[in-house]
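Asks: Below is the structure I would like to discuss, written out as structure tokens.
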Amino acid sequence: MKALIIGAAGFVGNYLTDHLQKDCKWSVVTTKLPRETIEKENIETYDLDILDKEAITSLLDKERPDFIFHLAAQSSVALSWKDPALTVDINIKGSVNVLDAIRGIADYNPRILLIGSGEEYGAILPDETPIKENTLLRPGNIYAATKACQNMIGSIYAKAYQMDIMMVRAFNHIGPNQAPLFVVADFCKQVAEIEKGMNEPVLYVGNLSAKRDFTDVRDVVRAYSAIIQKGQRGETYNVGSGRSIEIKELLGHILALSTVDIKILVDEKKLRPVDVPDIEADTEKLRKETGWEAKIPLLETLKETLEYWRG
Ligand code: A2R
């Protein structure tokens, strides 16, 4: 089997490449932007901007992968506020380019996975958690709106053109190598810097009361390969641990792993209005249809992420 990962130079792409090669034993082709680098063995890597539909077509025509994982995105919520047009271009027009390029190739029916986000659900009501896939989408930021749109277009293409497209909504995923824009990487980086004496023993935090659903990125990529093989055409699958945890408790676990005493201070800049106090994925559909279970305990992921930043 041959798999193509579009947008493989990002956080998830790195883990997905390893998983498909080592665990699934598939041949893997990846794409990246010209400014990015991918250092992997036995991998064919192409430069590809998904805004260039013709380039997508010629790559697909040449490689004809059986499975296509579409990861490429403008994935930052913060940047989506600053540059909504770019986010719409990449996340909506780019995804349409990918789907349309596939559709335009004769006698070619790959299985395709579009990666969306738990952010698509937005301001859920208290009785809507754990969140099921059929919950009303109320995206609260530009990034979330573009991913919700990608999801809708994916299901329309699947139905209208009988294409084997599956969609996921991934909740918070964490692990070594994640950018410190995200809460766990941010806390671990700060702790590691304090331990090295680079900073005073003060850890700056935002809102600690929110509850979120965290999954190790290596479990997430296993879910992706399971869905692309066993998922149903046009269906959407939540990917999460199925258990939310208060950020305060998460911080407590990270501090317990630290070798020094650390004071906690609230940084006004990190405080964001939290309109959704508890976000927890209902993952029954994923588990029932694919047999997937999260394997890596949260404490193990936190330990490895802290070790990564210590290094
Ligand atoms: O924005 P950059 O320079 O980090 O590059 C990202 C790349 N990308 C593109 N690739 C092709 N054509 C474009 N026009 C384009 N614009 C951006 O897609 C990055 O290397 C990759 C996405 O990776 P990350 O931003 O690290 O996201 P992550 O955490 O790996 O998540 C994968 C997927 C994304 O669709 C997220 O929105 C979703 O899972 O949560």
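Asks: Once amide H atoms are built 1.01 Å from N in the peptide plane, which residues 5 or more positions from D278, or in another chain, come under 5 Å H to H?
Replies: It is K211, by chain and number.
Asks: How far is helix 94-103 tilted off the main Cα axis of the chain, in degrees rounded to 10, range 0 to 90?
Replies: In the chain, helix 94-103 runs at an angle near 30 degrees to the longest axis.
Asks: Which of the listed residues, L286, I245, G118, is farthest toward the dipole's positive end in the chain, when Lys, Arg count +1 and Asp, Glu count -1 at the beta-carbon?
Replies: Toward the positive end, the furthest listed residue is L286.
Asks: Also, I was wondering about something else. Would you mind checking which residues have amide H under 5 Å from G242's amide H? H placed 1.01 Å from N; only 5 or more apart, or other chain.
Replies: So G242 has HN proximity to A281.
Asks: Angle between the Cα long axis of helix 247-257 and the longest principal axis of the chain, 0 to 90 degrees, nearest 10?
Replies: Taking the Cα atoms of the chain, the angle to 247-257 is about 70 degrees.
Asks: Report the one residue of F187, M163, Q150 whose Cα lies farthest in the direction of the positive end of the charge dipole of the chain (charges on C-beta: Lys and Arg +1, Asp and Glu -1; origin at the Cα centre).
Replies: M163
Asks: Take the Cα atoms of the chain, find their three principal axes, and give me the spread along each one in whole Å, biggest first.
Replies: 63, 45, 39
Asks: Sticking with this structure for a sec: So who's got an amide H within less than 5 Å of the one on Y46, skipping anything under 5 residues away but keeping other chains? H placed 1.01 Å off N, in plane.
Replies: Residues meeting the amide H criterion: T30, T31, K32.
Asks: Relative to the longest principal axis of the C-alpha atoms of the chain, give the angle of the C-alpha long axis of helix 217-230, reported between 0 and 90° and rounded to the nearest 10°.
Replies: Helix 217-230 and the main axis of the chain meet at about 20 degrees.
Asks: For E54 and M198, calculate 0.36 nm times their separation in residues minus their Cα-Cα distance, and state this gained length in nm to one decimal.
Replies: 47.0 nm
Asks: From the cross-link list K211/K285; K82/K211; K230/K270, which pairs have alpha carbons spaced over 30 Å apart? Spell out each step's value before the answer.
Replies: Values: K211/K285 22 Å; K82/K211 26 Å; K230/K270 40 Å.
Over 30 Å Cα-Cα: K230/K270.
Asks: Testing the spin-label approximation: label points 7 Å from Cα along Cα→Cβ at L86 and K2. State their distance in nm.
Replies: 3.3
Asks: Could you check which residue among L286, L137, L125 shows the biggest mean-square fluctuation in a GNM of the chain with a 10 Å Cα cutoff?
Replies: L125
Asks: Pick out, in residue order, every one of the chymotrypsin sites (Phe, Trp or Tyr not before Pro) in the stretch 86-171 that is DSSP loop and has at most 16 other C-beta atoms within 10 Å; say none if there are none.
Replies: Counting only loop positions with at most 16 other Cβ atoms within 10 Å, the chymotrypsin sites (Phe, Trp or Tyr not before Pro) in the stretch 86-171 are Y108.
Asks: Treating the beta-carbon of each Lys and Arg as +1 and of each Asp and Glu as -1, no other charges, what is the dipole magnitude of the stretch 171-276 about its Cα centre, to the nearest 20 debye?
Replies: Here the stretch 171-276 has a charge dipole of around 380 debye.
Just so you know, all these numbers are worked out from the coordinates, no wet-lab data involved. This structure is a prediction, so every number in the text was calculated from the model and none was measured. Note that we place each Cβ from the backbone using ideal geometry, even for glycine, and neighbour counts take in every protein chain shown.
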